[in-house]
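A.B. asks: Provided herewith is a single structure, encoded as structure tokens, for subsequent inquiry.
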Amino acid sequence: MVIRTVGVHNSITYLVMRSILIVEDDRRIAQNISQSLRAEGYATEVAYEGYAGRRLAVQQSIDLLILDINLPGLNGYEICRSVRFEKPDLPIIMLTALGEIEDKLEGLELGADDYLVKPFDLRELSARVGVWMRRSSQQATREEVLQVADLVVNVSAKTVSRRNVPIDLTAREFMLLEYLLRNRGRVISKIDLSEQVWGLNFDSGTNVVEVYINYLRRKIDRDFTPKLIHTRPGLGYVIRES
């Protein structure tokens with residue numbers, strides 16, 4: 001059984017099976033992959049169309065994504081782009097009947113870690129899954145920290161502080177701050193923030209972005225200097241030291 005540690009409480013270590021999501025519309029291929037990986041000791045789940053695959057990949061706790069390109073509803077490229085934004089460290093292996101180098105490059109440029117062309121040997125897929133599982137386990141031991149001036153955001157631990165003073169943020173506030181920090185120095189429009197942080201098509205009649213920017217300012221700027229969140233009228237917002 002392939003396991004990972006999820007926590008320790010009262011000297012008891014809690015373990016769960018490493019989980020793999022398979023997004024593949026060919027049911028025979030999907031079930032063959034699932035059965036092969038289950039035999040290796042992994043927990044697997046299968047989605048047969050794009051929208052369900054993206055929802056499961058983003059919302060569920062998984063350790064690796066196996067993703068076909070040609071899918072009904074939403075193609076693999078679009079899913080890869082969305083998942084890579086939400087889960088930067090999740091290993092993604094893309095599967096496709098397309099063998100052209102341009103197709104491979106597009107998938108890799110959108111954030112895929114590996115690529116297999118159909119038909120493939122299940123033993124090769126299993127070997128590649130093992131490689132990426134080991135790499136993700138090693139990465140999980142390293143914390144990811146984003147910083148500007150004296151503002152420190154530990155992405156792994158979901159903590160925020162300024163001058164070593166802890167700052168409590170809601171989940172949405174944290175997502176907004178993280179997105180601004182990952183684009184430090186770049187002006188981000190309200191349209192981009194609405195789509196990337198809330199997953200919504202921008203509605204000019206709503207002020208949700210301004211409201212949450214004000215929430216962040218009260219928490220990370222009001223009692224500190226220098227001010228970090230700046231407004232560019234008509235353009236958007238930017239986080240920088242001055």
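The values are calculated or read from the model by the stated rules, or taken from the named source; none is laboratory data. Note that the structure is predicted; figures quoted are calculated from it, not measured. Every residue, glycine among them, receives a Cβ derived from its backbone with ideal geometry; neighbour counts consider all protein chains shown. Remember, those area values only see protein heavy atoms, side chains included, never the ligands or the DNA or RNA. Shrake-Rupley method; radii C 1.70, N 1.55, O 1.52, S 1.80 Å.
A.B. asks: Evaluate the following for L122: is it of a type in the set (A, V, I, L, M), more than 16 Å from the chain's Cα centre (by Cα), modelled with pLDDT under 90 and open to solvent by 40 Å² or more (accessible area, probe 1.4 Å)?
C.D. replies: Criteria not met by L122.
A.B. asks: Let me ask something additional. What tally of residues in the range 86-109 results from selecting those that are open to solvent by less than 70 Å² (accessible area, probe 1.4 Å) and at pLDDT 80 or above?
C.D. replies: Total meeting the criteria: 9.
A.B. asks: Turning to a different aspect of this structure: List the residue pairs whose Cβ atoms are under 8 Å apart, where the first residue sits in the range 221-242 and is at negative phi, the second is of a type in the set (G, A, S), and the two are 6 or more positions apart or on different chains.
C.D. replies: P226/A149; P226/S242; L228/A149; L235/S189; V238/G185; I239/G185; R240/G185; E241/A149
A.B. asks: What pairs come up if the first residue lies in the range 37-55 and is touching a residue at least 12 places away in the same chain (Cβ under 8 Å), the second is open to solvent by 30 Å² or more (accessible area, probe 1.4 Å) and part of a helix (DSSP H, G or I), and their beta carbons are under 8 Å apart, counting only those six or more places apart or on different chains?
C.D. replies: Qualifying pairs under 8 Å: T44/R38; V46/Q31; Y48/R27; G50/E78; R54/E78; R54/S82.
A.B. asks: Quick one: which residue in Y51, Y77 is assigned to a helix (DSSP H, G or I), buried (at least 16 other Cβ atoms within 10 Å of the Cβ) and not basic (K, R)?
C.D. replies: None of the other options fit; the residue is Y77.
A.B. asks: Starting from the range 109-129, take each residue that is under 18 Å from D89 (Cβ atoms) and list its partners that are open to solvent by less than 30 Å² (accessible area, probe 1.4 Å) and part of a loop (DSSP other than H, G, I, E, B), counting only C-beta distances under 7 angstrom and pairs at least six apart or across chains.
C.D. replies: Going by the 7 Å Cβ cut-off, the qualifying pairs are D113/P91.
A.B. asks: Quick one: in the range 47-72, which of the residues that are closer than 16 Å to T96 by Cβ and among the β-branched types (V, I, T) is modelled with the highest pLDDT?
C.D. replies: I66
A.B. asks: Now a separate question. Only one of these conditions is not met by R163: (1) surrounded by fewer than 18 Cβ atoms within 10 Å (Cβ to Cβ); (2) without any contact (Cβ under 8 Å) to a residue 60 or more places away in the chain; (3) over 15 Å from G236 (Cβ atoms); (4) over 17 Å from the mean Cα position of the chain (by Cα). Which number is it?
C.D. replies: Of everything listed in (1) surrounded by fewer than 18 Cβ atoms within 10 Å (Cβ to Cβ); (2) without any contact (Cβ under 8 Å) to a residue 60 or more places away in the chain; (3) over 15 Å from G236 (Cβ atoms); (4) over 17 Å from the mean Cα position of the chain (by Cα), R163 misses just condition (2).
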